[in-house]
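Notes for the one structure printed next.
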Amino acid sequence: MHQRETLLQELGRIIGSGPTEKVNPHVKVEREEDCGDHVRRLLSYWVEPDDRAYGYLLVPKSRSDVPQPLVVCPHQTKPWGKDGPVGSADEAQYHYAIDLVRQGFVAFAPDQFTAGQRLHSNVKPYDTYRLYEKWPEWSAGGKAAWDLGRALDFLVTFDEIDPTRIGAIGHSLGGHDALVLAALDERVKVAVINCGAALLRTEPRRREWARLGDHEYVYYRKLRPFVDAADLPFDFDRLAMLAAPRGLMMIHAINDQYFPGNIGWLEGTRAVSDYFRDAGRPEGFVTYFHRKGHCFPAEARAMAYRWLGDQLGLGG
């Protein structure tokens, strides 16, 4: 069995290195809204000395007197960022933050560093040029996970949140960010990844994960020397293994237009399942395949929400 330390070393060669010291977040409530069944707060906070982030915290009114599980809800690749998961933009199938708060979870939907209120003037959404200019040895996946972790640092101190019951859920880019967070941050007890990771060794579009353009979304620049190699230094089934022995649900579309090699996950799923079994928690890994393309269909969402509730003890 791949030990966690070995897997982290493999991941480190691709994810790279960024900041090592945390800053005081100096959290500020920018706005608070009564949304009927929940309260929505717009928070701002520092994640680096020169980088202030923004996110919506959704707190259910029905259970505000008892600390409840928190689910972090990173968004997909849309310019409006955090407005998608909270229901202010995008299709209803991607409103998972508001779905979850209505079930009783506390939900947190932040802007990724390339979207929403974090966009710099004259910079298009999902342009990672500034990141690599500042941190040439880092990666977009590493930066996203760092920022989410810095949010968790202060969220776990809030009275409404039980710090021992933290989950993450995301679609597409948000799913990938949730997977990297779960791999690196053991405070995350369960994660749901919907259409959020290719299996590179079977993926004909694997170059998309290490794009060559300067002004694109470059997930992992350190993958560039290996994208055409038969022997990859790391693959995303190994990333999924890093969630063990905690809970992980992975949802894939066999006919995903963005990941045409997804059929390979049938084999990748077996490797992840075996790893969870060897880690002593075979029931901790769940996977679901469908044929509805790159989306978050109703039956998958229902399954995901039940899984989060079961794993985090919703209502406890």
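Work out Dmax and Rg for the chain from the C-alpha atoms and quote the Rg first, both in angstrom.
18.2, 55
Evaluate the charge dipole of the stretch 53-97 about its Cα centre and quote only its size in Debye, nearest 20, assuming +1 on the Cβ of each Lys and Arg and -1 on the Cβ of each Asp and Glu. Working shown, then result.
On the way: 4 positive and 4 negative charges, 21 e Å.
Result for the stretch 53-97 is approximately 100 debye, rounded to the nearest 20.
Which ³J(HN,Hα) values in Hz, rounded to whole numbers, follow from the phi angles of the stretch 17-33 under the Karplus curve 6.51 cos²θ - 1.76 cosθ + 1.60, where θ = phi - 60° and Gly and Pro get x?
Taking θ as phi minus 60°, the curve returns 10, x, x, 10, 10, 7, 9, 5, x, 6, 5, 10, 7, 7, 6, 10, 10 Hz for the stretch 17-33.
At 7 Å along Cα-to-Cβ for each site, give me the label-to-label distance between Lys124 and Thr20 in nm.
Here the modelled spin labels are 3.7 nm apart.
What distance in nm separates the two pseudo spin-label positions at Ile263 and Asp310, each 7 Å out from Cα along the beta-carbon direction?
My value for the distance between the label points is 3.0 nm.
What nm value, rounded to one decimal, do you get for the distance between Asp65 and His290 when each label is placed 7 Å out toward the C-beta?
Result: 3.8 nm between the two label points.
For Glu208 and Val27, what does the FRET efficiency come to when R0 = 45 Å and r is the distance between their Cβ atoms, rounded to the nearest 0.05?
With R0 = 45 Å, the Cβ-Cβ based efficiency is 0.80.
Restricting to the chain, compute how many DSSP beta bridges are antiparallel as a %, nearest 5. Could the numbers behind the result be given before it?
On the way: 20 of 43 bridges.
Here the share of antiparallel DSSP bridges comes out near 45 percent.
Given +1 on the Cβ of Lys and Arg, -1 on the Cβ of Asp and Glu, and no further charges, what dipole in debye does the chain carry about its Cα centre, rounded to the nearest 20?
I would put it at about 280 debye.
Quick check: net charge around Tyr94, other residues with Cβ under 13 Å of its Cβ, Lys/Arg +1 and Asp/Glu -1?
Within the 13 Å Cβ shell, the charges total -1.
Running a GNM on the chain with Cα contacts under 10 Å, which residue among Gly12, Gly142, Gly280 ends up with the highest mean-square fluctuation?
Residue with maximal mean-square fluctuation among Gly12, Gly142, Gly280: Gly280.
Would you list which lysines come within 20 Å of Lys222, measuring only between C-alpha atoms, while excluding same-chain residues fewer than 8 positions from it?
Reachable lysines: Lys134, Lys143.
Do the sum for the chain: with -39,500 (n - 2.57) for every DSSP H run of n ≥ 4, divided by all residues, what is the mean residue ellipticity at 222 nm, to the nearest 500 deg cm²/dmol?
The helix-only estimate for the chain comes to -8500 deg cm²/dmol at 222 nm.
Asp228 label point, 7 Å along Cα→Cβ, cut-off 20 Å on backbone N: hits in the stretch 187-216?
Correct set: 200-214.
Using alpha-carbon pairs under 8 Å, 6+ residues apart, how would you state the relative contact order of the chain in percent? Before the final figure, lay out the partial values.
Details: 673 pairs, mean separation 55.7, N = 316.
For the chain, the relative contact order is 18 percent.
Under a 5 Å amide H to amide H cut-off, with H placed in plane at 1.01 Å, what residues pair with Ile193 once short-range neighbours are removed?
HN-HN under 5 Å from Ile193: Met249, Met250, Ile251.
Under the rule that an exposed site lies in a DSSP loop and has at most 15 other Cβ atoms within 10 Å, name the longest stretch of the chain with no GluC sites (Glu not before Pro) of that kind, not counting the sites themselves.
The longest uninterrupted stretch comes out as 217-316.
Values quoted throughout were computed directly from the atomic coordinates according to the rules given, and no laboratory measurement underlies them. None of these values were measured; they are calculated from a predicted model. Using ideal geometry, Cβ is built from the backbone for each residue, glycine included, and neighbour counts are taken over all protein chains shown.
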